[in-house]
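The values are calculated or read from the model by the stated rules, or taken from the named source; none is laboratory data. Given the structure is predicted, the values throughout are model-derived calculations rather than measurements. Cβ coordinates were reconstructed from backbone atoms using ideal geometry, including for glycine residues, and neighbour counts include every protein chain displayed. Please note that ligands, DNA and RNA were not included when accessible areas were found on the heavy atoms of the full protein model with its side chains. Shrake-Rupley method; radii C 1.70, N 1.55, O 1.52, S 1.80 Å.
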Amino acid sequence: MITNEMRRHFDKRTNRHIELVQKYIRKINKRWDIAGHDSSKFEAPEKIPYTYLTWRYKCNRENTPYEVPEEMKDAIHEIGRAS
C-alpha cells in the first residue's frame, strides 16, 4: 500500500527531477517539449510504479530495508523500458 509519506516523497522527488531536466535542457539549448518530457509520470499508468520506484531509491540511499511489492515489479520494469 502506498503511504502518504511515499506519495509526498514521490511528488517532491519527481518535481525536483523535472526542475533539473528543464535546467539542463535549457543549458544545452535543445528544442525539446520540456513540459511533456516527464508530465506522464503524474498520470496512469506511470504514477503508481514510479512512486514505488522512487521510494525504493530513497530507502536505498538511506540504507533502509524496503522491498517493492511483487505485483509492482513488472510495472516498474515496463516504465523503465519505455523511458
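When TYR66, TYR57 are checked against the criterion of being in a helix (DSSP H, G or I), of a type in the set (Phe, Trp, Tyr) and at pLDDT 80 or above, a single residue qualifies: TYR57.
Would you check which residues across region 56-67 are under 26 Å from VAL21 (Cα atoms) and touching a helix residue (DSSP H, G or I) at 6+ places or on another chain (Cβ under 9 Å) and list them? So that I can check it myself, show each step before the final result.
Step one: of region 56-67, the residues under 26 Å from VAL21 (Cα atoms) are 56-62.
Residues satisfying the conditions are ARG56, TYR57, LYS58.
Look at (1) assigned to a loop (DSSP other than H, G, I, E, B); (2) at pLDDT 95 or above; (3) not charged (D, E, K, R) and you find that ALA44 fails only one, number (2). Only one of the listed residues (ASP38, ASP74) is modelled with pLDDT under 90, of a type in the set (D, E, K, R) and either farther than 14 Å from HIS9 by Cα or open to solvent by 30 Å² or more (accessible area, probe 1.4 Å) (or both). That residue is ASP38.
In the condition set (1) at pLDDT below 95; (2) loosely packed, with under 14 Cβ neighbours inside 10 Å; (3) in a loop (DSSP other than H, G, I, E, B), ILE2 is compliant with all but (2).
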